[in-house]
Amino acid sequence: MRLAMWSGPRNLSTAMMYSFGNRSDFAVWDEPFYAAYLAMTGLHHPMRDEILTAHETDKNNVAVHCLDTTLAQKPHFYMKHMAHHMIDGMPLDWAQECVNVHLIRHPARVIASYGVKRSEMTFDDIGFAQQAAIYDKLGGYVIDSADIRANPEKMLRKLCGAIGLDFGPAMLSWQAGPHVGDGIWASHWYNAVHQSTGFAGAEGRLPELDGAAADLCAQALPYYERLAALKL
């Protein structure tokens, strides 16, 4: 199985990668198109130079590697993809050969969390429109991070059942600290998940946003709600 897990930033995506990566039958790949996205857009993200040096910047080479020999000769391959990386000109046909899953999170939580790590953000940065477009093109399954956090075993069993995979209890926990599959950007973005050994509990009330952040949330909300209506 080649599993393409699509999400926006700050969306339990790294914890999900650790969950699948803790299975003995899965190799993982962290944000395959990130370096190509930075090279194509010229955007100045944290650790931009290090990312461009350490990771593949040719979009076509990345697409080929999404379908070539599975890392470490494992039976299955989990790819953590960011929807906002798939800008115009980025290849997507390879994903038709994958099981596609769309991980969603309420935009108020995404925006509040993203703002802690990067003070400037645009609608394109948080990926809601891009994720909906990818779903329209590829279809697949939708799962909400809030449901996973509230009951990890129930939702992971449901996801595994939907995609034809046996659930394994190893998916519920992992070792604290950096992981071998982390992209080089982990030192900036993954501080919290590196302190974890499993999924955090249910989230509380939605963050209260104002000003530009509230406007951004209102813009993203219809895309989230459309996919949320389809969730497992």
Residue-averaged 222 nm ellipticity for the chain, from DSSP H runs of 4+ at -39500 (n - 2.57), nearest 500: -12000 deg cm²/dmol
J(HN,Hα) series, region 133-143, from Karplus relation 6.51 cos²θ - 1.76 cosθ + 1.60, nearest Hz, glycine and proline x: 5, 5, 4, 4, 7, 10, x, x, 10, 10, 9
Note, ³J(HN,Hα) from phi for region 83-98, Karplus 6.51, -1.76, 1.60, rounded to Hz, x at Gly and Pro: 4, 6, 6, 8, 6, 3, x, 7, x, 9, 4, 4, 5, 5, 8, 10
Footprinting exposure proxy for C160, C66 (fewest neighbouring C-beta atoms within 10 Å first): C160, C66
Added length on full extension, which subtracts the Cα-Cα distance from 0.36 nm per residue, E120 to V64: 16.9 nm
Sorted largest first, extent of region 1-144 alpha carbons per principal axis (Å): 40, 33, 29
Region 141-219: trypsin sites (Lys or Arg not before Pro) in DSSP coil with no more than 11 other Cβ atoms inside 10 Å: R205
For L232, residues with placed amide H under 5 Å, excluding near neighbours: V142, I143, D144
Approximate spin-label separation K137-C160, in nm, with each point projected 7 Å along Cα-to-Cβ: 3.1 nm
Spin-label model distance (nm) - H44 vs K74, 7 Å beyond Cα toward Cβ: 3.7 nm
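We did not get these values from a lab; they are worked out from the coordinates using the rules stated. Note that this is a predicted model, so its numbers are computed, not measured. Note that we place each Cβ from the backbone using ideal geometry, even for glycine, and neighbour counts take in every protein chain shown.
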